[in-house]
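No lab work stands behind these numbers, since they all come straight from the coordinates. It should be emphasised that the depicted structure is a prediction, and the values quoted were computed from it without experimental measurement. A quick note on method: Cβ atoms are made from the backbone with ideal geometry, for glycine too, and the neighbour counts reach across all protein chains shown.
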Amino acid sequence: MKGTTKAMIGLIVVLVLALAGVLYVFVGSQYITKKIGGTTTIELPQGKKLVPYTVQWEPNGSHIWYLTEDAEPGYTPKTYNFHESSNLGFLEGTIVFQEK
């Protein structure tokens, strides 16, 4: 390959990575997880626990709504993994809720 071709490919790679970074910052990882797949981790505040059957996506949006409640004394924090299953088996997302 000629030097200009290598430079052009390098520039394209840098631009694609920059665009991905901007998309992540402005749209958010939840949107990317919903539309493309991957994993998003949500850490709950200390002393809060997840009410598991309350997790839902905002209709036609990219935000996740979930209900928490105060943890009882002596409660052992848990980690919940919510997995998406698609018809074709790819572009599936996972949301991980971590209690502290």
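What to note about this one:
- Annotation: peptides 43-56, 66-79, ranked by per-residue average of other Cβ atoms within 10 Å with the highest first, follow the order 43-56, 66-79.
- Local electrostatic count at residue 76 - Lys and Arg +1, Asp and Glu -1, tallied over other residues with Cβ under 12 Å: +1
- Diffusion coefficient, µm² s⁻¹, Stokes-Einstein with Kirkwood Rh over alpha-carbon pairs of segment 3-98 at 4 °C and 1.567 mPa s: 82 µm²/s
- Residue (of 96, 64, 17) at the positive-pole extreme of the chain, dipole from beta-carbon charges: 17
- Charge dipole of the chain (Cα centre as origin; +1 on each Lys and Arg Cβ, -1 on each Asp and Glu Cβ, all else neutral): 560 debye, rounded to the nearest 20.
- Modelled label reach - residue 65, point 7 Å along Cα→Cβ, segment 31-59 residues with backbone N closer than 16 Å: 51-59
- Tally of Lys pairs whose C-alpha atoms are under 30 Å apart, taken over segment 3-98, 8 or more apart or cross-chain: 8
- On Cα atoms only, tilt of 3-27 relative to the major axis of the chain in degrees: 20 degrees
- Shown in residue order for segment 42-47 are the 3J(HN,Hα) couplings computed by the Karplus curve 6.51 cos²θ - 1.76 cosθ + 1.60 at θ = phi - 60°: 10, 9, 7, x, 3, x Hz (x for Gly and Pro).
- Sites residue 42 and residue 11 - FRET efficiency at Förster radius 25 Å, r taken between beta-carbons, to 0.05: 0.10
- The DSSP beta bridges internal to the chain are antiparallel in roughly 65% of cases.
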